[in-house]
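This report refers to the structure that appears directly beneath it.
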Amino acid sequence: MLLTLENLRERIPYHGALLGFFSLMTSAALIGANLVTLPAIEQAARDDLKVSLLQVLPEGLADNDLLADTLSVADQGVSRTVYRGRKAGAFSAAVFDYSARGYAGEIKVLVGVDAAGTVMGVRVLKHAETPGLGDKIEVAKSDWIHAFEKKSLENLSLTRWAVKKDGGEFDQFAGATITPRAVVKAVKEGLQFYAAHRAEISGEAK
């Protein structure tokens, strides 16, 4: 029997081959699009990170490219990236992220400190807290996050690194104490991390 296009279409293998062809073409298109857009996505992520790094350090504290001066520090089984600021070549600041459990999940903050370990700035990088309550940790929603500036383990005792409801220094939010409590914990533990690895981070360790 003569094999025509109509006869071929009636056979099951034809439909499988056709589906496979279109799947292959779709996959190839997706891979191609990913290869084209990936550099732009990576550059956008780097730009966003650079903006965040500069937000937690006062202007003039560092004159180097923080993204180009990083150090991986082992911290309780986790490799933590530290961005190091330098002024005229001398170590002057460090920026790193730290996390704590909030009401709705992990809250990740970016902490900037000077060489002595004093907080220069804090910004929230990630959270899933309740809009209108817990989101006051965002700098765009309130000034609360600025309360950490100029604080350190030296000028504020560990017991004061808490919300006022717990006998500490920092305000809590009405109806959302868990959220600010988590941020305070993340910043405090971040400062303890820096204090424990200060010599390594600054380059003073022999």
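The values are calculated or read from the model by the stated rules, or taken from the named source; none is laboratory data. Owing to the predicted nature of the structure, the values given are computational and were not obtained by experimental measurement. For neighbour counting, all protein chains shown are included, and Cβ atoms are generated from backbone atoms with ideal geometry for every residue, glycine included. For the accessible areas, the whole protein counts, side chains as well, though only heavy atoms, and no ligand, DNA or RNA atoms are used. Shrake-Rupley method; radii C 1.70, N 1.55, O 1.52, S 1.80 Å.
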Q: For Ala196, indicate whether it is open to solvent by 70 Å² or more (accessible area, probe 1.4 Å), modelled with pLDDT of 95 or more and not charged (D, E, K, R).
A: yes
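To keep it simple, each residue is scored yes or no on (1) in a loop (DSSP other than H, G, I, E, B); (2) open to solvent by 40 Å² or more (accessible area, probe 1.4 Å); (3) in contact with a Gly (Cβ under 7 Å, 6 or more places away or on another chain).
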{"site": "Ala100", "(1), (2), (3)": "no, no, no"}
{"site": "Tyr103", "(1), (2), (3)": "yes, yes, yes"}
{"site": "Val109", "(1), (2), (3)": "no, no, no"}
{"site": "Gly112", "(1), (2), (3)": "no, no, yes"}
{"site": "Ala116", "(1), (2), (3)": "yes, yes, no"}
{"site": "Met120", "(1), (2), (3)": "no, no, yes"}
{"site": "Arg123", "(1), (2), (3)": "no, no, no"}
{"site": "Pro131", "(1), (2), (3)": "yes, yes, no"}
{"site": "Lys136", "(1), (2), (3)": "no, yes, no"}
Q) Of Gly203, Gly190, Gly175, Gly105, which residue is under 22 Å from the mean Cα position of the chain (by Cα) and in contact (Cβ under 8 Å) with a residue 40 or more places away in the chain? A) Gly190
Q.
I'd like to check something: does segment 138-146 contain any residue that is within 19 Å of Met120 (Cα to Cα), open to solvent by less than 10 Å² (accessible area, probe 1.4 Å), without any contact (Cβ under 8 Å) to a residue 40 or more places away in the chain and not β-branched (Val, Ile, Thr)?
A. no
Q.
Can you find a residue that is at pLDDT below 70, over 20 Å from Phe148 (Cβ atoms) and either among the hydroxyl-bearing types (Ser, Thr, Tyr) or open to solvent by 90 Å² or more (accessible area, probe 1.4 Å) (or both) anywhere in segment 44-65?
A. yes
Q.
For segment 68-96, give me each residue that is open to solvent by 30 Å² or more (accessible area, probe 1.4 Å) and in contact (Cβ under 8 Å) with a residue 40 or more places away in the chain.
A. Leu71, Arg80, Arg84, Phe91
Q) Tell me, which residue of segment 138-156 that is aliphatic (A, V, I, L, M) and part of a loop (DSSP other than H, G, I, E, B) is nearest to Tyr194 (Cα to Cα)? A) Leu153
(Q) Looking for something assigned to a helix (DSSP H, G or I), free of Cβ contacts under 8 Å to residues at least 12 places away in the same chain and out of contact with any strand residue (DSSP E or B) (no Cβ under 8 Å at 6 or more places or on another chain) - is there at least one such residue anywhere in segment 157-167? (A) yes
Q) What do you reckon, is Val163 among the hydrophobic types (A, V, I, L, M, F, W, C), under 21 Å from the mean Cα position of the chain (by Cα), open to solvent by less than 30 Å² (accessible area, probe 1.4 Å) and modelled with pLDDT of 95 or more? A) no
